[in-house]
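Data first, discussion second: the structure below is written as structure tokens.
Rule-based calculations on the coordinates, nothing more; no lab input. Remember, predicted model here, so these are calculated numbers, not experimental data. So basically every Cβ, Gly included, is an ideal-geometry build from the backbone, and we count neighbours across all protein chains shown.
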Amino acid sequence: MTMFQGTSFNPQTLALMRRVLDEAVETLPYPVSSGRVQALAKNIIDLAAQGERDPQRMKLLALLALRSGPSSG
């Protein structure tokens, strides 16, 4: 995936991002499409790349971005 080329995160940040993704997915209505999971993951990566490290804020912002973005079936 070249869109994230050059972006790197330490193991603690990767663990945080994974936890935030898991928690965010749990809040979505079932069934959750892979497109929505991918969009959430991209939002979380973008937030982490901008320096966000607060898990609650990261989850909220990622979910808000998903909600305001184009529908990803």
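Could you check, for segment 9-21, whether at least one of its residues is loosely packed, with under 12 Cβ neighbours inside 10 Å, small (Gly, Ala, Ser) and within 13 Å of the chain's Cα centre (by Cα)?
Of all residues in segment 9-21, those loosely packed, with under 12 Cβ neighbours inside 10 Å come to 10-12, 15.
Going one step further and asking which of them are small (Gly, Ala, Ser), we end up with 15.
Those still in the list that are within 13 Å of the chain's Cα centre (by Cα) too: 15.
Yes, because at least one residue in segment 9-21 is loosely packed, with under 12 Cβ neighbours inside 10 Å, small (Gly, Ala, Ser) and within 13 Å of the chain's Cα centre (by Cα).
Filter segment 44-59 down to residues that are surrounded by 15 or more Cβ atoms within 10 Å (Cβ to Cβ) and without any contact (Cβ under 8 Å) to a residue 24 or more places away in the chain, then give me how many there are.
Number satisfying all stated conditions: 3.
Can you name every residue in segment 19-41 that is basic (Lys, Arg) and within 11 Å of Leu63 (Cα to Cα)?
Going residue by residue through segment 19-41, those that are basic (Lys, Arg) are 19, 36.
Arg36, the sole residue that qualifies.
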